[in-house]
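Colleague: Pasting a structure below so you can have a look.
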Amino acid sequence: MNKSIYVFPDGLRLVHCAVSGVRSVAIGILTGVGSGNETAQNNGISHCIEHMMFKGTGSRSALKISEEFDDIGAQNNAYTSKQTTCYYAVSLSEHVGKCADVLSDMLFNSLFDEEELDKERKVIDEEISISEDDGADMCIDVLSQVYFGDNALGMPILGPRKNVAAFKGDDLRRYIAANYSSTDTVVCLTGNISFADAKAITERYFAGRLPRLDRKWLDIPHDSIGGFKSVEKDLEQAHLALGFPSLPYRHDKDMALTAFNAVLGGSMSSRLFQEVRERNGLAYTVFSSPSTYVNNGCMCIYAGVNPSQAVAAADMIAKVINEIKRDGITEEELIRGKQQVKSAYVLSQESTSGMMRQLSKYALFTGELLDIDEEIARIDAVTLDDIRYICDIMFDFDKVSVTYVGKKIKGDIYSAARGA
């Protein structure tokens with residue numbers, strides 16, 4: 001597996017990884033633009049732009065874009081996150097040039113036609129409705145708002161309906177001109193392709209076509225003060241989430257965080273799964289998941305519970321955390337957690353699209369090439385002292401944010417979740 005990173009004169013980065021034994025190529029264009037770059041007035045615009053990139057260019061209609069990908073059997077899509085937007089396609093290796101052609105046309109020549117935008121608003125409105133109908137999604141979105149407060153990372157990726165309804169084509173064009181930058185964009189090609197071909201494709205279709213902007217990440221370091229928000233909703237299942245301070249992307253203890261997450265709530269053998277679900281039957285779904293950003297991080301713990309069990313579940317989660325704070329974890333748990341993390345890293349390398357996502361995000365946030373062997377060595381080096389460090393900085397109940405979505409209940413969830 002040969003990997004390399006190349007920087008073009010305009011600052012655009014190419015990440016290439018040749019994979020033997022496959023006949024496909026994944027090509028992704030990852031740019032450092034997401035809801036975390038937005039303001040309250042334009043929240044949702046990054047996601048709206050992602051949708052509109054598929055709605056027609058000067059030479060291709062929306063249908064033509066779809067047909068050209070389908071004609072070659074390519075899988076294509078896009079996604080928006082808090083800090084990135086990615087446009088990608090996976091195809092047989094002989095069609096990667098065609099994929100690059102269509103993706104570059106979308107990226108640089110989209111019309112943002114008002115009639116198409118009016119139609120796409122309805123699609124995004126339905127997407128917002130789907131999210132609102134999903135209690136878990138809503139609970140975690142609300143947790144971000146409570147945890148991050150006025151920080152841009154607290155805003156939802158989809159944005160509020162009123163913003164989406166007001167966007168015009170010129171708003172989208174201005175936002176792209178101010179935010180889509182060559183220095184914050186990575187083109188990544190993984191699979192059955194040589195570096196020379198990857199460089200030639202990137203040079204032909206992408207290099208020199210984005211402005212070089214002096215942008216800064218808007219997620220300034222945030223010190224959570226904690227808080228609680230409850231959303232009363234007539235759902236059969238209730239949803240509970242806790243957010244604790246965590247680490248930013250590529251912290252020197254990030255592998256300790258990842259290994260600890262496996263022990264805390266990342267698997268069926270984890271403390272939370274065993275205590276909350278298996279031993280006490282308080283939830284069907286319970287897990288922990290750290291979110292890492294350029295300058296911030298949040299450890300989320302989520303449980304889907306019967307409303308009558310919500311307070312008991314919150315209390316049990318707090319007890320699990322306090323037990324870990326007091327006694328730590330065992331060497332056996334640490335070994336098991338490290339094995340899970342290593343397996344996840346290795347398995348991600350067996351998918352060209354998974355590899356594309358992993359390599360491009362790492363290059364975008366660090367400017368460097370991800371070395372899996374080095375990452376595995378960093379995992380192996382994690383010690384129980386590292387885990388204690390993570391617990392000490394993370395589990396501060398004075399800074400925990402708590403959210404609840406579901407039917408009105410009796411009892412104090414916030415106090416229970418804080419171990420009070």
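Colleague: Identify all residues within region 219-233 that are buried (at least 16 other Cβ atoms within 10 Å of the Cβ), part of a loop (DSSP other than H, G, I, E, B) and not charged (D, E, K, R); write none if there are none.
Modeller: His222, Ser224, Gly226
Colleague: Out of (1) polar (S, T, N, Q); (2) in a strand (DSSP E or B); (3) within 18 Å of Pro248 (Cα to Cα), the odd one out for Gln358 is which?
Modeller: (2)
Colleague: With respect to the numbered conditions (1) closer than 21 Å to Asp315 by Cα; (2) small (Gly, Ala, Ser); (3) out of contact with any His (no Cβ under 7 Å at 6 or more places or on another chain), which one is the sole condition not fulfilled by Ala377?
Modeller: Result: Ala377 passes all but (1).
Colleague: Additional query: Somewhere in region 202-222, is a residue among the hydroxyl-bearing types (Ser, Thr, Tyr) and more than 30 Å from Ser93 (Cα to Cα)? Full working, then the answer.
Modeller: Start the filter on region 202-222 by keeping residues that are among the hydroxyl-bearing types (Ser, Thr, Tyr), which leaves 202, 205.
Among the residues that remain, those that are also more than 30 Å from Ser93 (Cα to Cα) are: none.
Taking every residue of region 202-222 in turn, none turns out to be among the hydroxyl-bearing types (Ser, Thr, Tyr) and more than 30 Å from Ser93 (Cα to Cα).
Colleague: Whether any residue in region 354-363 is open to solvent by 30 Å² or more (accessible area, probe 1.4 Å), out of contact with any His (no Cβ under 7 Å at 6 or more places or on another chain), within 23 Å of Ser181 (Cα to Cα) and without any contact (Cβ under 8 Å) to a residue 60 or more places away in the chain is what I want to check.
Modeller: Scanning region 354-363, I find at least one residue that is open to solvent by 30 Å² or more (accessible area, probe 1.4 Å), out of contact with any His (no Cβ under 7 Å at 6 or more places or on another chain), within 23 Å of Ser181 (Cα to Cα) and without any contact (Cβ under 8 Å) to a residue 60 or more places away in the chain, so the answer is yes.
Colleague: Of the residues in region 238-261, how many are in contact (Cβ under 8 Å) with a residue 40 or more places away in the chain and open to solvent by 70 Å² or more (accessible area, probe 1.4 Å)?
Modeller: Residues in region 238-261 being in contact (Cβ under 8 Å) with a residue 40 or more places away in the chain and open to solvent by 70 Å² or more (accessible area, probe 1.4 Å): 1 in total.
Colleague: Please go through region 31-52 and give me each residue that is of a type in the set (D, E, K, R) and either at positive phi or open to solvent by less than 10 Å² (accessible area, probe 1.4 Å) (or both), ordered by number.
Modeller: Listed by number, the list holds a single entry, Glu38.
Colleague: Here is a further query. Need the failing condition index for Glu350 against (1) part of a helix (DSSP H, G or I); (2) open to solvent by 50 Å² or more (accessible area, probe 1.4 Å), just the number.
Modeller: Here Glu350 meets the rest and fails (1).
Colleague: On the given criteria, is Ser289 surrounded by fewer than 21 Cβ atoms within 10 Å (Cβ to Cβ), small (Gly, Ala, Ser) and in contact with a strand residue (DSSP E or B) (Cβ under 7 Å, 6 or more places away or on another chain)?
Modeller: So Ser289 passes the test.
Colleague: Taking the condition part of a loop (DSSP other than H, G, I, E, B) and of a type outside the set (Asp, Glu), does Ser267 pass?
Modeller: yes
Colleague: Here is a follow-up. Please go through region 217-266 and give me each residue that is within 16 Å of Val294 (Cβ to Cβ) and β-branched (Val, Ile, Thr), ordered by number.
Modeller: Passing the criteria: only Ile220.
Colleague: What are the residues in region 379-402 that are out of contact with any Phe, Trp or Tyr (no Cβ under 7 Å at 6 or more places or on another chain), open to solvent by less than 60 Å² (accessible area, probe 1.4 Å) and not in a loop (DSSP other than H, G, I, E, B), if any?
Modeller: Correct list: Ile379, Leu384, Asp386, Cys391.
Colleague: If the requirement is being over 25 Å from the mean Cα position of the chain (by Cα) and either open to solvent by less than 50 Å² (accessible area, probe 1.4 Å) or modelled with pLDDT under 95 (or both), which of these qualifies: Gly367, Gly337, Gly419? Let's see the steps before the verdict.
Modeller: On the way: Gly367 fails: over 25 Å from the mean Cα position of the chain (by Cα); Gly337 fails: over 25 Å from the mean Cα position of the chain (by Cα).
Every option except Gly419 fails the conditions.
Colleague: Are any of the residues in region 204-214 outside any loop (DSSP other than H, G, I, E, B), under 15 Å from Gly11 (Cβ atoms) and open to solvent by 50 Å² or more (accessible area, probe 1.4 Å)?
Modeller: No, region 204-214 contains no residue that is outside any loop (DSSP other than H, G, I, E, B), under 15 Å from Gly11 (Cβ atoms) and open to solvent by 50 Å² or more (accessible area, probe 1.4 Å).
Colleague: Within region 3-30, track down each residue that is surrounded by fewer than 24 Cβ atoms within 10 Å (Cβ to Cβ), in contact (Cβ under 8 Å) with a residue 24 or more places away in the chain and among the β-branched types (Val, Ile, Thr).
Modeller: Passing the criteria: Ile5, Val19, Val22.
Colleague: Do the conditions hold for Gly149, that is, is it at pLDDT below 95 and more than 17 Å from the chain's Cα centre (by Cα)?
Modeller: Spelling it out, Gly149 is indeed at pLDDT below 95 and more than 17 Å from the chain's Cα centre (by Cα).
Colleague: Name the residue that is least open to solvent (accessible area, probe 1.4 Å), counting only residues in region 53-70 that are part of a loop (DSSP other than H, G, I, E, B) and of a type in the set (Lys, Arg).
Modeller: Looking at residues that are part of a loop (DSSP other than H, G, I, E, B) and of a type in the set (Lys, Arg), I get Arg60.
The values are calculated or read from the model by the stated rules, or taken from the named source; none is laboratory data. Everything numeric here is computed off the predicted structure, so don't read it as measured data. We place every Cβ from the backbone using ideal geometry, glycine too, and count neighbours over all the protein chains shown. SASA here: full protein model, heavy atoms, side chains in, ligands and nucleic acids out. Shrake-Rupley method; radii C 1.70, N 1.55, O 1.52, S 1.80 Å.
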